[in-house]
1. Out of the residues in region 32-42 that are open to solvent by 40 Å² or more (accessible area, probe 1.4 Å) and touching a residue at least 12 places away in the same chain (Cβ under 8 Å), which is nearest to PHE138 (Cα to Cα)?
2. Please verify whether ILE91 is part of a helix (DSSP H, G or I), open to solvent by 60 Å² or more (accessible area, probe 1.4 Å) and touching a residue at least 24 places away in the same chain (Cβ under 8 Å), treating the condition exactly as stated.
3. Output the residues belonging to region 52-66 that are open to solvent by 50 Å² or more (accessible area, probe 1.4 Å) and in a helix (DSSP H, G or I).
4. For region 101-123, name all the residues that are surrounded by fewer than 17 Cβ atoms within 10 Å (Cβ to Cβ) and within 22 Å of CYS70 (Cα to Cα).
5. Take ASP98 and decide whether it is part of a helix (DSSP H, G or I), more than 15 Å from the chain's Cα centre (by Cα) and either farther than 19 Å from VAL118 by Cα or at pLDDT below 95 (or both).
Amino acid sequence: CEGAHHKGQRHFELPFHFEVKFMAPRIPFLTPSFGIVPALMQLQEHVNQSGLETRLLHLLDLLVSRINGCAYCIDMHSKDLRAEGETDLRIDLVSVWDESGELYTERERAAFAWAEAVTHVGEGHVPDEVFELARKQFSDEELAKLTLAVISINSWNRMCISFRAEPGHYQPKK
């Protein structure tokens, strides 16, 4: 990860499949000496290896990123989903999943309700009815892992928003 100055921006290449450009004056939080990348990647790798469906995790990442308004992560997860063959309609409507009829499965809808409640934990402290909905679709272990996935994307969102990661540069793995 070496930074290079380019027209008022700092450019960083990361040891995984995306790069982040930062607009001055925010700090480049992914600089190796800060130790952030290994911590976030360890958490993300645990989520990736959780056994939960990859497509579900990516839809969840997109939903939470839209809730939080993280342009970089919205760009990334939209591109990943398209590269995996997800339909534009499901990508476009994930933030209004509860108004989208049968477009999403019961399991996806339960995961989305859980993700919204966990992301907005200060507003409703994850209501019992959301917990019961999630429990119908996920085992105890899966629900704990789903919660970790929500925590992970919220962490990435907060880092990217706080330090103004610039969208538009991410390219999915081929």
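The values are calculated or read from the model by the stated rules, or taken from the named source; none is laboratory data. None of the values given here were measured: they were computed from a predicted structure. Positions of Cβ are generated from backbone atoms using ideal geometry, with glycine treated the same way; all protein chains shown enter the neighbour counts. Note: accessible area is taken over every heavy atom of the protein model, side chains too, but ligands, DNA and RNA are not part of it. Shrake-Rupley method; radii C 1.70, N 1.55, O 1.52, S 1.80 Å.
1. MET41
2. No.
3. THR54, ARG55, ARG66
4. Correct list: HIS120, VAL121, GLY122, GLU123.
5. No: the conditions fail for ASP98.
Yes/no per residue for (1) in contact (Cβ under 8 Å) with a residue 60 or more places away in the chain; (2) not in a helix (DSSP H, G or I):
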{"residue": "GLU123", "(1), (2)": "no, no"}
{"residue": "LEU133", "(1), (2)": "no, no"}
{"residue": "LEU143", "(1), (2)": "no, no"}
{"residue": "ILE153", "(1), (2)": "yes, no"}
{"residue": "MET159", "(1), (2)": "yes, no"}
{"residue": "LYS173", "(1), (2)": "yes, yes"}
